[in-house]
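Quick notes on the structure that follows.
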Amino acid sequence: LENLITYANAPIIVWNLERKITIFNHAFEKLSGYRSDEVINRDLEILFPPADKEEILKTIDQAIKGERWETVEIPIQRKDGERRIALWNSASIIDKEGNITATIAQGQDITERKQAEQQIKTLMEGMPDGVLVINSKGNIIVANTHAGVMFGYKLEEILGKSIEMLLPERARR
């Protein structure tokens with residue numbers, strides 16, 4: 001198990017109830033720019049951007065209390081100051097008596113994906129026409145401001161809704 005965690009391709013970290021880092025794998029070293037020996041037994045807060053630290057630590061405290069993360073975006077501030085965004089899931093580590101003793105989290109660096117999403121949004125907003133992106137279920141997942149105006153809706157009223165809401169009655173299924 002130790003080898004699996006150490007050499008996994010995904011960043012993995014374990015912290016105890018006092019928020020002290022107890023395991024920090026090679027992939028997390030790559031993500032953060034810190035060596036394991038620089039962070040073991042130190043408080044988790046060294047990994048977070050100062051502006052986001054308070055909110056992140058609230059999320060961390062929820063995990064310590066047993067809340068399981070499915071997909072939580074948490075920024076990591078690298079040792080060199082660069083900010084990375086990671087998507088995390090977590091689980092509690094429980095002793096034989098059923099008490100939570102630590103939390104383990106596994107992440108995925110999604111920084112480039114988030115940057116690409118922002119570039120697409122910026123590009124779409126600069127277009128003079130309405131643009132909609134529809135998923136395979138027929139739901140609107142991205143739209144620019146012009147699309148909302150074109151159909152007489154605010155963006156928040158159409159995002160996540162079926163494209164059918166924008167079609168004339170005769171064109172619906």
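The values are calculated or read from the model by the stated rules, or taken from the named source; none is laboratory data. Just so it is clear, the structure is predicted and the values come from calculations on it, not from any experiment. Backbone-built Cβ (ideal geometry, glycine too); neighbour counts: all protein chains shown. Just the protein is used for accessible areas: all its heavy atoms, side chains included, with ligands, DNA and RNA removed. Shrake-Rupley method; radii C 1.70, N 1.55, O 1.52, S 1.80 Å.
Taking the criterion of being exposed (fewer than 12 other Cβ atoms within 10 Å of the Cβ) and in contact with a Gly (Cβ under 9 Å, 6 or more places away or on another chain), the residues of the stretch 142-173 that qualify are K154, E156.
Just a yes or no: is a residue in the stretch 37-57 touching a residue at least 40 places away in the same chain (Cβ under 8 Å), outside any helix (DSSP H, G or I) and not hydrophobic (A, V, I, L, M, F, W, C)? Within the stretch 37-57, not a single residue is touching a residue at least 40 places away in the same chain (Cβ under 8 Å), outside any helix (DSSP H, G or I) and not hydrophobic (A, V, I, L, M, F, W, C). Selection within the stretch 67-80: residues that are open to solvent by 40 Å² or more (accessible area, probe 1.4 Å) and either touching a residue at least 60 places away in the same chain (Cβ under 8 Å) or not β-branched (V, I, T) (or both). The member of this set that is farthest from E45 (Cα to Cα) is E70. Residue pairs whose Cβ atoms lie under 6 Å apart, sitting 6 or more positions apart in sequence or on different chains, and linking a residue in the stretch 151-165 that is farther than 11 Å from L132 by Cβ to a partner that is exposed (fewer than 12 other Cβ atoms within 10 Å of the Cβ) and at pLDDT below 85, are E164/R172.
Only strands (runs of 3 or more DSSP E) whose full extent lies in the stretch 64-173 are considered here, and the ones with at least 2 residues that are out of contact with any Phe, Trp or Tyr (no Cβ under 8 Å at 6 or more places or on another chain) and charged (D, E, K, R) are 83-94.
Checking the structure you have, find out if any residue of the stretch 13-22 is part of a loop (DSSP other than H, G, I, E, B) and out of contact with any helix residue (DSSP H, G or I) (no Cβ under 7 Å at 6 or more places or on another chain). Yes, some residue in the stretch 13-22 is part of a loop (DSSP other than H, G, I, E, B) and out of contact with any helix residue (DSSP H, G or I) (no Cβ under 7 Å at 6 or more places or on another chain).
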